[in-house]
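Novice: Take a look at this one; I'll ask things after.
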Amino acid sequence: MQRSDTDLIYSNPHSQVKDFTFDAQVVEVFPDMISRSVPGYNTIIDTIGRLSKQYVQDNSNVYDLGCSLGAATLAMRRAITAKDVHIVGVDNSAAMVERCKMHVSAFKGDTPVDIVQDNIETIEIKDASLVVLNFTLQFIAPENRQTLMEKIYHGLKPGGLLVISEKIHHQDDTSNEVLINLHHDFKRANGYSELEIAQKRTALENVMKPDAFEDHLNRLTAAGYKNITQWFQCFNFLSLVAFK
Ligand code: GEK
């Protein structure tokens with residue numbers, strides 16, 4: 001028997017596949033969905049925790065932008081040893097925020113956490129020593145991404161760090177195909193059917209717009225970030241760190 005938190009959203013044929021949204025149905029299965037769909041997700045969450053231990057400064061804010069159910073927020077709260085730190089998790093999905101607050105309050109921690117329902121494009125970012133965009137930028141309209149990177153840069157303290165994880169497309173068609181095929185194999189190995197893979201792909205088509213690695217590098221460089229390092233890649237998923 002399937003568990004009720006197993007992602008079966010696209011397991012039956014949909015007469016019309018609607019654009020993907022982060023609604024209550026997605027919230028119910030989100031941890032299963034993201035760990036079976038994003039190669040290295042647990043490693044990335046774990047590493048965000050390690051980075052927070054190393055780089056979060058005393059008297060600073062930490063932002064988890066597009067926090068979903070708070071996996072990165074919780075990893076950071078467990079790891080942060082700096083004093084007078086405040087973590088702010090932001091997501092614009094009401095269903096995500098409601099469940100995220102439950103997750104966060106289920107664990108104790110010394111660092112205070114606020115989970116707020118808001119648009120990451122309009123919130124204020126200030127006195128930040130760490131900002132996390134874990135698979136969120138890809139859902140922001142491409143024409144607004146540069147402005148967001150600049151806003152985060154201005155909200156970072158000197159020495160502050162941005163962690164950005166994204167699905168990417170490769171500029172070369174053959175390489176792109178290699179990465180997509182490997183990712184689909186990964187999903188098959190995690191129990192998704194051809195129908196589920198195809199319908200999810202259609203649902204995401206208008207909603208998630210991946211950049212190429214070069215786009216990220218150029219955008220971050222133009223915004224003023226330095227020491228931009230790609231610390232993770234598995235297939236078409238990568239994670240970067242960049243300093244102010
Ligand atoms: C994790 N970081 O588990 N403002 C606020 N939130 C937004 C916006 C916006 N403009 N656009 C999208 N979101 C998480 C995973 S999921 C990635 C992040 C995925 C939110 C959206 O509601 C969703 O919760 C999240 O960004 C993207 O580490 O599911 O592939």
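Every number here is computed from the coordinates shown, using simple stated rules; none is lab data. Predicted model only: the values in this text are computed from it and were never measured. No Cβ is skipped: glycine too gets one built from the backbone with ideal geometry, and neighbour counts run over all protein chains shown.
Novice: Specify which residue in the list 213, 15, 85 is farthest towards the positive end of the charge dipole of the chain, using unit charges on the beta carbon of Lys, Arg (+1) and Asp, Glu (-1), about the Cα centre.
Specialist: Of the listed residues, the answer is 85.
Novice: Tilt of helix 24-37 relative to the longest C-alpha principal axis of the chain, in degrees (0 to 90, nearest 10)?
Specialist: Its long axis makes an angle of about 90 degrees.
Novice: With a cap of 15 neighbouring Cβ atoms within 10 Å, and only residues DSSP puts in a loop, list the trypsin sites (Lys or Arg not before Pro) found in segment 90-136. Before the final figure, lay out the partial values.
Specialist: Numbers: sites: 99, 101, 108, 126; in loops: 108, 126.
Taking segment 90-136 and a limit of 15 other Cβ atoms within 10 Å, the loop trypsin sites (Lys or Arg not before Pro) found are 108, 126.
Novice: Residue 78 versus residue 231, label points 7 Å from Cα toward the beta carbon: distance in nm?
Specialist: Each label point lies 7 Å from its Cα, and together they span 1.6 nm.
Novice: Further, regarding this structure: How large is Rg over Rh for the chain, taking Rg from the Cα atoms and Rh as the Kirkwood inverse mean of 1/r across Cα pairs?
Specialist: Numbers: Rg = 17.7 Å, Rh = 18.5 Å.
Ratio of gyration radius to Kirkwood radius for the chain: 0.95.
Novice: Can I ask one more? Ranking request for peptides 63-70, 76-83: highest mean number of other beta-carbon atoms within 10 Å first, then the rest in descending order. Kindly include the intermediate steps, with their values, before the conclusion.
Specialist: Values: 63-70: 25.9, 76-83: 18.5.
Highest to lowest by the protection proxy: 63-70, 76-83.
Novice: Quick query: amide H of residue 116 versus all other amide H atoms, modeled in the peptide plane; which residues come in under 5 Å with a sequence gap of 5 or more or a different chain?
Specialist: 89, 90, 91
Novice: Further question on the same structure: In units of 2.2 N^0.38 Å, what is the alpha-carbon radius of gyration of segment 162-226?
Specialist: 1.35
Novice: Nearest 10 degrees, 0 to 90: what angle lies between the long axis of helix 194-204 and the longest principal axis of the chain (Cα atoms)?
Specialist: 50
Novice: Relative to the Cα centre, what is the charge dipole magnitude of the chain, using +1 at the beta carbon of each Lys and Arg, -1 at the beta carbon of each Asp and Glu, and rounding to the nearest 20 debye? Before the final figure, lay out each step's value.
Specialist: Details: 24 positive and 31 negative charges, 139 e Å.
For this selection, approximately 660 debye.
Novice: A further question on this structure: Where in segment 160-236 are there GluC sites (Glu not before Pro) that are in a DSSP coil and have at most 13 other Cβ atoms within 10 angstrom of their Cβ?
Specialist: Numbers: sites: 166, 177, 194, 196, 205, 214; in loops: 205.
Filter output for segment 160-236: 205.
Novice: Angle, helix 173-189 long axis vs. longest principal axis of the chain, Cα atoms, 0 to 90°, nearest 10?
Specialist: Between the helix axis and the principal axis of the chain, the angle is about 80 degrees.
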